[in-house]
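Enquirer: After the structure tokens below, expect a handful of questions from me.
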Amino acid sequence: MSAGCRTCAAVVLCLVVGGLCGCGGEGRFGARGSQIAFSSNRTGEFQIYTMEEDGSNQRMLTGDPAFWNGGPAWSPDGSKLAFERSQGADADIWVMEPDGTNLQQLTSDAGSPDPGIDRGPAWSPDGAQIAFQSNLAGSDDIYVMNADGSDRRRVTAWDNSDDGGPTWSPDGSQIAFASTRGGGHHIYTMNADGTRQRRLARGDGSDSQPAWSPDGSRIAFTRWSAVTGTDVCIIGVDGRGLQQLANSPQPEHDPVWSPDGTKIAFVADYDGNHDIYVMDADGSNARRLTWTAANEFGPAWRP
Ligand SMILES: [Ca+2]
Ligand SMILES: [Ca+2]
């Protein structure tokens, strides 16, 4: 296996088990809809950063080299960032303010009963709940908890398949996610209480990382094929209108919508490492926002 293929395999594995989605006002930390949070290992371990949507003003929010930090997700009012933080084999959901202060751990291993690897936080549109994936029951499943970490409940329980990468519909009634049930990796939708689970995108690709569009009509996601590796695609919530937006032979993944639905931020590796890019929602006009030799992942647009 070539180094490139190993990278692809690592990315695909990361996409399958990792859930990255996520998604005010003229406030203390920038204008509404103009900031993007992401993770980068430019200083060593992965930390959470924010930048303006033109790539300027990149600031590190977390800085403890003992922890891996990723998967940032903005609260709907833009006042908080949920993210996944791990040390060793464990990972939990944390939340902080957009300047990196007031860190709080929402899921915990302390004293058990939570030995789970908890990842991929996604806020409900009303800000009251956070969906995430956890292997608490063995395989990865989607869980929903109150935004303060209380009242966790499991909403997927399909054999031993892995379910991850939750993203809420804008009206809060549904959650899309990626699942390995039935073989392969595909996008499913369900009611937010776990009922009416059904497969969305057909085709032979390995699909992951769904991101619901702000107008509710489409879902962006990552599809892996043997020809072009991981690509950014979108599909209607009725399962029609599949489009490939970024499908070069290089890896493209981690799609997320701008709050106004006109742009999609994503991650691509066009020069040997991963960086954040933004394109128009029709796939045109891609421009690069980060220029490091390190890796950037998991963009999340501030509401
Ligand atoms: Ca590609
Ligand atoms: Ca980079």
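The values are calculated or read from the model by the stated rules, or taken from the named source; none is laboratory data. Nothing here was measured: the structure is a model prediction, and the numbers come from that model. Backbone-built Cβ (ideal geometry, glycine too); neighbour counts: all protein chains shown.
Enquirer: Answer yes or no: is there a residue in the stretch 225-247 that is buried (at least 23 other Cβ atoms within 10 Å of the Cβ) and within 13 Å of ligand 2 (Cβ to nearest atom).
Expert: No, the stretch 225-247 contains no residue that is buried (at least 23 other Cβ atoms within 10 Å of the Cβ) and within 13 Å of ligand 2 (Cβ to nearest atom).
Enquirer: Would you be able to say whether some residue in the stretch 192-202 is more than 16 Å from ligand 2 (Cβ to nearest atom) and under 24 Å from SER40 (Cα atoms)? Write out each step before concluding.
Expert: So in the stretch 192-202, the residues more than 16 Å from ligand 2 (Cβ to nearest atom) come out as 192-202.
Right, trim to under 24 Å from SER40 (Cα atoms) and you get none.
No: the stretch 192-202 contains no residue that is more than 16 Å from ligand 2 (Cβ to nearest atom) and under 24 Å from SER40 (Cα atoms).
Enquirer: Against the definition (of a type in the set (S, T, N, Q), at pLDDT 95 or above, in a strand (DSSP E or B) and on the phi > 0 side of the Ramachandran plot), how does GLN133 come out, yes or no? Show your work before the answer.
Expert: On the way: of a type in the set (S, T, N, Q): yes; at pLDDT 95 or above: yes; in a strand (DSSP E or B): yes; on the phi > 0 side of the Ramachandran plot: no.
When the stated conditions are applied, GLN133 does not pass them.
Enquirer: Do the conditions hold for THR195, that is, is it in a strand (DSSP E or B), farther than 21 Å from ASN135 by Cβ and of a type in the set (S, T, N, Q)?
Expert: No.
Enquirer: Residues in the stretch 266-302 that are within 16 Å of the chain's Cα centre (by Cα) and either within 16 Å of ligand 1 (Cβ to nearest atom) or closer than 17 Å to ASN41 by Cα (or both): how many? Steps first, please.
Expert: Initially, the stretch 266-302 is screened for residues within 16 Å of the chain's Cα centre (by Cα), giving 266-268, 274-278, 295-302.
Next cut, either within 16 Å of ligand 1 (Cβ to nearest atom) or closer than 17 Å to ASN41 by Cα (or both) only: 266-268, 274-277, 295-300.
The total comes to 13.
Enquirer: Run THR262 past the list (1) within 19 Å of the chain's Cα centre (by Cα); (2) within 12 Å of ligand 2 (Cβ to nearest atom) and report the number of the one that doesn't hold.
Expert: For THR262, the exception is condition (2).
Enquirer: Okay, moving on. Please enumerate the residues belonging to the stretch 150-165 that are of a type in the set (Lys, Arg) and assigned to a loop (DSSP other than H, G, I, E, B).
Expert: Scanning the stretch 150-165 gives a single hit, ARG152.
Enquirer: Can I ask one more? If you go through the stretch 245-259, how many residues are within 9 Å of ligand 1 (Cβ to nearest atom) and either among the hydrophobic types (A, V, I, L, M, F, W, C) or not in a loop (DSSP other than H, G, I, E, B) (or both)? Lay out the reasoning, then the answer.
Expert: Start the filter on the stretch 245-259 by keeping residues that are within 9 Å of ligand 1 (Cβ to nearest atom), which leaves 246-253.
Checking which are either among the hydrophobic types (A, V, I, L, M, F, W, C) or not in a loop (DSSP other than H, G, I, E, B) (or both) leaves us with 246, 252-253.
Qualifying residue count, the stretch 245-259: 3.
Enquirer: Of these, ALA82, ALA91, which one is at pLDDT below 95, crowded, with 24+ Cβ neighbours inside 10 Å and within 19 Å of the chain's Cα centre (by Cα)?
Expert: Being at pLDDT below 95, crowded, with 24+ Cβ neighbours inside 10 Å and within 19 Å of the chain's Cα centre (by Cα) holds for just one of ALA82, ALA91, which is ALA91.
Enquirer: Also: Which number in (1) outside any strand (DSSP E or B); (2) within 12 Å of ligand 1 (Cβ to nearest atom); (3) touching a Pro at 6+ places or on another chain (Cβ under 8 Å) marks the one condition that VAL232 misses?
Expert: (1)
Enquirer: Just one of (1) on the phi < 0 side of the Ramachandran plot; (2) at pLDDT 95 or above trips up GLY63, so point out which.
Expert: Checking GLY63 against (1) on the phi < 0 side of the Ramachandran plot; (2) at pLDDT 95 or above, the one that fails is (2).
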